[in-house]
Each structure stands twice: as C-alpha cells, then as structure tokens.
Amino acid sequence: MKGKTLLSLAMLLSITLTLMPALVAAPPAEPYIEVVFQATGNNTRIIESCTPPITFKADLKIHGVTNMVGWATTIYWNKDVLNCTSIELGPFNAAGSFASYVINNDDGNIPKYAVGTVTPGAKISGTGISATITFLCKHTGNSLINITDSSYKPEGLEKVPMNEVDGTFECRPYIGPPRPPVATFDPPEC
C-alpha cells in the first residue's frame, strides 16, 4: 500500500512539474513596453469596495532597449470609467528628453505620446520607467489600459517596434456590510 501511495505521489509531482511552465506566462520578447500599476507592481489593479472618484498612477516601463534616444506609443482607456489627468516623463529617458502629446478624455486616448531628446549624443540602454500616467476613476467599472503602435529610436538607426503588455483596471462597487438576521420572537401564551 505504501508503495502505491509513493508511486501515485511521484506521478502527480511529475505531471505538476511538467505543466507548471505552461501555467506561468513568460514576458514578451525584448524590447517591450508594459503598463505597471504603482499600487500593485504589476499590470493588474483591482480595487474592492471602490467609491469613486479616486486617482491612481500607472507607469509605462520599457524593457531591453539599446542606445534609445526617443520612443513613442498610443494609449487608450475606457472613457466612461477613467479620465487621464496627467502624464509625466519618468527617469528612464535620454538626458534632455521632452514629450509631445495631447490627452483626449472625450475619446479616452492619447493618440501619440512621443518622446525625444535635444541633447546631442544623449542615449539610454536597459530597462526602466519612462512615463507615469495619473488617472481619475469617475465611476465603478473596468478599463483596459491599452498601449499600441509602440516603438523606440536607437541612436543612428531606424525605429524599432516594441512588443506591448496592457494593463487591466477594475473598480468594484462598495456593497456594504451584510445585514444581521432579523430576530423574531413569539411571546409565550399565558
């Protein structure tokens, strides 16, 4: 009996170890850009018992670039749930960088967020936070923070497309505490 139990456990462990890599998603090939919520450190932000209006921040983190002098992306969100209140350059940009963009809350997008540098020879390589977006959650609901058409410009070369990892935001409504049961009491008959 003990042998059958050990054999069963060994088979279960073997199956688990075989399937485990498939259960953990690998990051996309570099270079890539991803949405990272500051509150969670990943690309998912769910707020339980949410009572809007609330603000939150999401970073745009660029991975695996070489000699980057500029980059660009397009950003979309659910206009019925969120407004973008600001977007600022992060620390991972070439020296002297500036951004060009228009926030369009009516359509829920920044049609093109473009960053470049005016400093000759300035470039940056590696991975880091390149921008921080502040959103205002107006209503409960959910929104994809979708980034598309992303690329970076290496010094002296043509632009290079970047893979993209979107963010998912959800503001779940406050339901309140459960109501206590109502006690009923029938008085005894006299």
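The values are calculated or read from the model by the stated rules, or taken from the named source; none is laboratory data. Values in this document were obtained by computation on a predicted structure and should not be read as measured data. Positions of Cβ are generated from backbone atoms using ideal geometry, with glycine treated the same way; all protein chains shown enter the neighbour counts.
Structure values in brief
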read-out: Check on V102, more than 17 Å from K123 (Cα to Cα), β-branched (V, I, T) and touching a Pro at 6+ places or on another chain (Cβ under 9 Å); value: yes
read-out: Pairs with Cβ under 6 Å, 6+ apart, first in segment 103-120 and closer than 9 Å to Y76 by Cβ, second at pLDDT 95 or above and among the aliphatic types (A, V, I, L, M); value: I110/I75; I110/I103
read-out: Residue identified as assigned to a strand (DSSP E or B) and loosely packed, with under 13 Cβ neighbours inside 10 Å among S151, S130, S86; value: S86
read-out: Condition check for K79: basic (K, R) and not in a loop (DSSP other than H, G, I, E, B); value: no
read-out: Pairs where the first residue, in segment 39-51, is more than 16 Å from L136 (Cα to Cα) and the second is charged (D, E, K, R) and assigned to a loop (DSSP other than H, G, I, E, B), C-beta under 8 Å, 6+ apart; value: N43/D166
read-out: Residue that is modelled with the lowest pLDDT, among those in segment 35-56 that are surrounded by 16 or more Cβ atoms within 10 Å (Cβ to Cβ) and assigned to a strand (DSSP E or B); value: C50
